[in-house]
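Okay, so here's the structure we're looking at.
Values in this text are rule-based calculations from the coordinates and carry no lab data. Not measured: the values here are computed from a predicted model. Every residue, glycine among them, receives a Cβ derived from its backbone with ideal geometry; neighbour counts consider all protein chains shown.
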Amino acid sequence: LTYQSMAVPLTVPTSGSYAGFNRQELYFVYAYENLKGNCFCFAASFYWMAREMGYDARLIEGQVMSRSGVFGPHSWVEIDMDDVTYVFDPETQYELGFNGYMRTYEDFTEMNYSKTPAY
């Protein structure tokens with residue numbers, strides 16, 4: 001995927017080819033069909049792939065602190081393994097270039113995540 005700035009949240013259409021999807025499905029389908037999207041698309045794509053592989057993944061639609069010190073909407077995935085919650089943040093990996101995979105919240109010092117709803 002390549003990054004594309006998009007409205008947050010996407011409005012789920014009531015007619016057309018995307019009608020009937022929930023928001024998480026819509027983010028994934030949009031990314032799959034267009035090979036681009038925002039952090040919600042990156043996270044939804046990772047979430048659905050992890051679920052397909054058998055992981056009990058959770059898609060988080062929360063907030064993250066920007067470089068300017070303001071919280072803004074962001075999405076990432078959590079997976080519990082051996083009683084540890086790991087963060088998987090594929091858009092952060094893509095956009096900022098540091099490891100965004102299988103890190104604990106305590107270890108992920110580059111980011112300041114908040115599970116406060118994104119919208």
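Below are the figures for this structure:
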quantity: Longest to shortest principal axis, alpha-carbon extents of the range 1-111, angstrom; calculated: 43, 37, 20
quantity: Size of electric dipole in the chain: Cβ of Lys, Arg +1 and of Asp, Glu -1, about Cα centre, debye, nearest 20; calculated: 480
quantity: Leading residue at positive end of dipole, the range 56-119 (Cβ point charges), from V84, P117, Y105; calculated: P117
quantity: Tilt relative to the chain, helix 39-52 - C-alpha long axis, 0 to 90 degrees, to 10; calculated: 90
quantity: Kirkwood Rh (inverse of mean 1/r, distinct Cα pairs), the range 47-106, angstrom; calculated: 12.3
